[in-house]
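Report on one structure; see the data block that follows.
No value in this document is a laboratory result; all are computed from the given coordinates. This is a predicted model, so every value here is computed, not measured. Cβ placement follows ideal geometry from the backbone for every residue including glycine, while neighbour counts extend to all protein chains displayed.
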Amino acid sequence: MSAQRAELGEFLKARRARVAPEDVGLPSGGRRRTPGLRREELALLAGVGVTWYTWLEQGRPINASGQVLDAVAKTLQLTPVEREHLYRLAEATPVRLPTMSGCASESVFDEIVDALDPLPAVITNTRFDIIRANQAYHDLFHDWHQLPCIHKNLLWCIVTEPAAREQLLNYDTEVPYLVGRLRSAYGEHVGDPDWETDLERLRSICPEFAQLWSRHEVAACTPRLRRILNPIAGELHLTVTELAVSAHPDLVLYVETPADDETRAKLHLTRREATAR
C-alpha cells in the first residue's frame, strides 16, 4: 500500500465519521460504536459496491473513475476543496506539474516584498517555510521568533512560540485554517521525505498540531482577518491576502493590509526603529 493510498483511506474515514445518518436521510439507529456513517451505508447511498468501497478506504490499488468518486464525494458532502483533495489522492486527475518560466526569478523576490513595505509581506512555500520577508513583516512578528528555529516556518512559529499564542487573538480559528491549507498542499507531496520528516517532527513536539492534523480537514484559500495584540500598538486588525506566484507553483505571497482606519493609523508603531526612539 502506497503512502498516497494510505492517506486516501484515512481521509475517507475522517470524512465518513463526520456525516451523521440523519444528515443523509437515514435513521440514527440508536447508539453506534463509532460516529458517522457505516461503510455499507455510504456504499449504498453512493451506489457502489461495499467491497469496492472497503478496498478504497483500505488503500488498496484499485481504479476509481471520476463518476464514482463524484458519487462518494456527494454522499460525504465534501466541499469543493475537499473534492479536489479526494481526486488528487485517488490519482484520478493529472498531477499538476511545476511550470517554471522566465517571467519570474527568485532573485527579484527581495525587491518585490521590500517594495510592499510598510505593508507586512512574506513569501512561503506551501509547507509554510519562509522564503523571503520584508522588514515590516519581521518587525510585526519579531516576538514570534524567540525560540531557536530548526528552520523559519510560519506555522511552526505560531504553534510553538508562546508569544504567538498570546498575541494572535483569533488563534483558535487561524491555526486550524493553516493546518487545513497544509493538508491540502500535502496531497501533492505524500511520501516526499522533506514533508514527511517535517510533519513527523512537528507532530512529536506539538500535540495540538498532531490532533488537528489527524482530522484530515482541508481548506481553500480565502481572505481572512487576523487580530493581533501588539505590545506597543495594541490591537490590530489585518486582512491577510494570499497571492499565487504563477511561475513558481509551490510559492505563495502573503500580504497583510489594515482592515480599518485605526489599524492603519497605528501600524507604524510596530516598527522596531520607531519604538526604539
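Annotations
- Working note: Karplus 6.51/-1.76/1.60 with θ = phi - 60° gives region 119-127 the couplings 7, x, 9, 8, 10, 10, 8, 6, 8 Hz, where Gly and Pro are set to x.
- Cβ-derived FRET efficiency at R0 41 Å, residue 67 paired with residue 31, nearest 0.05: 0.70
- Computed extension gain for residue 138 through residue 243, at 0.36 nm per residue and net of the alpha carbon distance, reaches 35.9 nm.
- Peptides 262-271, 153-162 ordered by average Cβ neighbours within 10 Å, highest first: 153-162, 262-271
- Kirkwood-type radius of the chain, with distances r between different C-alpha atoms, in Å: 20.9 Å
- Considering only 214, 65, 107, the mean-square fluctuation computed in a Gaussian network model of the chain, springs between alpha carbons under 10 angstrom, is largest for 107.
- From the alpha carbon centroid of region 1-48 to that of region 223-253 is 36 Å.
- The orientation-averaged shadow of the Cα convex hull for region 3-89, equal to a quarter of the hull surface, comes to 5.4 nm².
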